[in-house]
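Here's the structure, in C-alpha cells; my notes come after.
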Amino acid sequence: MRATARVFLVKNFFTYQYDYRVEWYRLINRLYRIDDLSSPYEKAIKALAEIVDSPGGAIWAKQDQEKYFKPISNWNFPLPENTHTSPESPLVKLLTEHNWIIDSRNDNNPSDSRNHYPEWLISLNQWWLIIPLSHESKLISFVILTESRAPHNLSWEDLDLLKTAAQQIAAYLAQYEISQSLSQARQFQTFNQLSTFLMHDLKNLIAQQSLLVQNANRHKHNPVFVDDMIATIDDSVQRMSHILNQLQDGKESRRKAKFKIGKLIENAISTSHDRLPCPTLKIDAHTSNMEIVIDNHAFAMVLLHLIRNAQDACTNDDTIEIHITVQAPYIMIDVSDTGCGMTQDFIRNRLFTPFDSTKSSRGMGIGAYQARTFARLHGGDVEVESDPGVGTKFRLWFLTTPISDDSLEAETNS
C-alpha cells in the first residue's frame, strides 16, 4: 500500500523525469535513421539500450515457421551457445502472461521469476533487463540488455518509458517482417508468372513437334515435307534456346533486333498451319517491308497465342484474317475470326484474367493476358470487339519506335 501510494503521488504531484516529446522523437529517429545501416533488430536493441544507458544487448525472435525463439541480432553482447528458447518454456510464458520487464537486481518481478530462468540465461553474468516486445497481444520477440554504465534502480517512469518504447518497437519489427514477407511473395509471384508464361510457350512447341511426329511416317519420303520439318525443328530449337535463356536470366529476355513486319507475321502464321482454319494475311507491300526493332521470339509467341485462340473459337468452315496497318508511330495487327464470339461480360471480367481458361485442361488461361502484357510493355495495348455467334476481333497495337530498355524495366517493376 505504501509503495502504491508513493507511486501515485509521484505520478500526479511531481515533475516528470523525462520530456516525452523529446524521448519519442529520439526513439523514432533511432529506428528510422537513413544513415544507420544496422539491421532493424540491432536498431531495436540500441533504441532500448539508449533509454537506460546500457552498453549492449541481444534480441530473440521466432521467425517464419520456426519453433523456437532464437537470437537474431546482438550488439556488444557475446552470446553463449544453445540459447534457443521454446514458446512453451517458463521464461516465454512469464513474458507472455505478464508482459513484465524483468530486472535481475529487483525483487519486484513476478513471484518465483528466477525459477523461470533457463540455464543459458543464468550463465550470463552481465545481463540486467529482459524486455518483452508484444504486438497485438502476441509476444514476437524479447530483448536482453546488459548492466548500465552507471548502475541504478529503475523508477516507475523508467519502466513506463521502456514499455511504451517496447510497444512501438514491436510494431516497427512486425511491419518489417510483413514487408519482408511481401517482398518474398512478390519475388515468388514474378517467378511463378515467368514459369507460367514459359510453360504456355512450351505447350505450343510440344504441340508443334507432336504434329511433325504424327505426319513423319506418311510424308517422310516427301522432300518438301522434310525441308519443312527441318525448318520447323530449327525454329523450335531457337525458341527453346530463347526460353532457356529466360530461365537462366530469371526474367523475360528482351533480346531485340531489326525485322521486317511482313516476315515476322508470315513466320507466325506458318507455325499455325497445323490446325484449321488457316489464317490469311492482308498487308500491303510498303507495310510488309517496314522494319521494326523487337524481340521476335516474344512477338511470335504473342501472335501465335491470338491465332490459337481464334482457331479454338472456330469450326473448320470459319475464317481467320490477319490485317496489318500502320498509323505512325503505331503498328496495328487485327486478328479477326468468324467463330463463336464472346459476351461483353466475359471480356470485361475474365478474358484478361490469368489462369482463367474456358478450355478446361487444354488451356492455361494466359494467352490474352500475355498479349496485353507484351503490348503494354511496348507502349500499346490490346482491344477486343466481339459478338456471340458473329465473331471476334483482337487488335494488338504498339509503338514502331521501340521504348528504351530503362522505360521497359520501370514498367515491368511497376
- prompt: Do the alpha carbons of any pairs in 43/70; 70/93; 220/258; 220/282; 46/163 sit beyond 25 Å of each other, and which pairs?
  reply: 220/258; 220/282
- prompt: Arranged by the count of other C-beta atoms within 10 angstrom, fewest first, what order do 173, 182, 48 take?
  reply: 182, 173, 48
task: Using Cα centres only, tell me the gap between the range 262-317 and the range 218-239 in whole Å.
output: 19
task: Please work out the C-alpha center-to-center distance from the range 149-189 to the range 318-349 and express it in whole Å.
output: 55
Relative contact order %, the range 2-183, counting alpha carbon pairs below 8 Å whose residues are six or more apart: 21
Alpha carbon Rg of the range 2-183, scaled by the compact-globule rule 2.2 N^0.38 Å: 1.03
message: What does the extension gain come out to for residue 183 and residue 284, with contour length at 0.36 nm per residue minus their alpha carbon separation?
response: 31.5 nm
- line: Per-residue Cβ contact counts at 10 Å, fewest first, order 143, 52, 226 as 226, 52, 143
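Laboratory data are not the source of any read-out in this text; all were calculated from the coordinates shown. In this text the structure is predicted, and so the values were computed from the model without any measurement. Here the Cβ is made from the backbone with ideal geometry for all residues, glycine too, and neighbour counts use every protein chain on show.
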